[in-house]
1. Could the peptides 249-255, 172-178, 64-70, 149-155 be put in order, highest first, of the mean number of other beta-carbon atoms found within 10 Å of their residues?
2. Subtracting the Cα-Cα distance from 0.36 nm times the residue separation, let me have the gained length for residue 266 to residue 187 in nm, one decimal.
3. If you count only protein heavy atoms with a 1.4 Å probe, what accessible area per residue comes out for the chain, rounded to a whole Å²?
4. Of the cross-linked pairs 207/274; 131/207; 57/274; 36/207, which ones have a Cα-Cα span greater than 19 Å in the structure shown?
5. When a/c reaches 1.5 or more, the comparison of a/b and b/c decides; with that in mind, is segment 213-299 rounded, prolate or oblate per its Cα gyration tensor?
6. With +1 on the Cβ of every Lys and Arg and -1 on the Cβ of every Asp and Glu, and nothing else charged, how large is the dipole of segment 86-243 about its Cα centre, in debye rounded to the nearest 20?
7. Let me check the size of the chain from its C-alpha atoms; what are the radius of gyration and Dmax in Å?
8. Please name which of 147, 231, 202 has its Cα lying farthest along the dipole of the chain towards the positive end, using unit charges on Cβ (Lys, Arg +1; Asp, Glu -1) and the Cα centre as origin.
Amino acid sequence: MHRISELFDTSSLKLIFDVYPLAFLLIGLAMMYVAKLVNDFTTPYNLAEQLTQKDNKAIAVSFAGYLLATGILVWGILRQDINPELASSGDELFKTDLLNSTLWILFGILLLQVARVANDVLLLNKFCNIKELVDDQNVGTGVVQAGSYIGTALIIQAALYGDDSGYVGDDLLLTLAYFVIGQLAFIVFGIVYEKITPYDLHDEIEKDNAAAGLGFGLSLVAIGMLLSSFILNNGSLIGLLVWFVISTILLPLCRIVTDKLILPGSNLNDEISKDRNWGAALIEGIMAISVALILGTLF
């Protein structure tokens, strides 16, 4: 809680009008554009054509998740690098901070592209994601891809947060390790998620069931939030593994609670698979994210 006397304090105005945060803002915006260029280079479709001429909502959802993931990377890196004292003192570390932040954000953007490939080859491996997105304009596939982007970005920014080890190689290896663990966690959770649902998740998504994709995609965000919260506060890989096992138990329980308490009198699985009710799937996903927020704070 802020004290009453702090409400009229003007010392923070110096930071607001300082050139230092403006420089980082420009870097953040530039990185968002670079992320778009990287996406254009690594995907076989024309983004502008898909969004404006073909009104492809599936591509729009996927790309929106990618942009949000990039924003999460920028936010996660800049929130620990900004030090206004460096700018005001004219220290050379100011330029070093700008360069380091830029390089780490670029590294994170490249990992997001790797996550996209992993999503296609391993997570949704029973059909071609590009075909579903471009030819079929499958929104369900777009949502899952967006969820994978966002969950991955949360894990990456958590791995990058904190004091540097002093060795770039060690920091890179640690970030890559957490990234790989995160992708494996998504795959394992996908297998568990499909086992606990009476319908074939891949089949429903391939049949353009946006509700099935929405529930699963938001659950991936929840898993990313749970893993990132642990990484931020702990350095143990064994602990992370145990935490993931607990998470894969709690989130399905959350799904049951949503079915029995939040949506009484209806069957969540039927609403998603038979009625293609994306409203019910949205409630399922938001409940998962809410539980992830609570658990991440408690533990």
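1. On the way: 249-255: 17.6, 172-178: 15.4, 64-70: 21.4, 149-155: 28.6.
Taking the mean over residues of other Cβ atoms within 10 Å, the ranking is 149-155, 64-70, 249-255, 172-178.
2. Numbers: separation 79, 0.36 × 79 = 28.44 nm, distance 2.91 nm.
Net length gain for the segment: 25.5 nm.
3. Working: 15050 Å² over 299 residues.
Averaged over the residues of the chain, the accessible area is 50 Å².
4. Values: 207/274 12 Å; 131/207 13 Å; 57/274 22 Å; 36/207 29 Å.
57/274; 36/207, as the Cα separations exceed 19 Å there.
5. On the way: a/c = 2.71, a/b = 2.39, b/c = 1.13.
Here segment 213-299 falls in the prolate category.
6. On the way: 6 positive and 17 negative charges, 40 e Å.
That gives segment 86-243 a dipole magnitude of about 200 debye.
7. Gyration radius and largest Cα-Cα distance of the chain: 20.7, 65 Å.
8. The Cα lying farthest towards the positive end belongs to 202.
The values are calculated or read from the model by the stated rules, or taken from the named source; none is laboratory data. Note that this is a predicted model, so its numbers are computed, not measured. Please note: Cβ atoms are built from the backbone with ideal geometry, for glycine as well, and neighbour counts cover all protein chains shown. Only protein heavy atoms, including side chains, enter the accessible area calculation; ligands, DNA and RNA are left aside. Shrake-Rupley method; radii C 1.70, N 1.55, O 1.52, S 1.80 Å.
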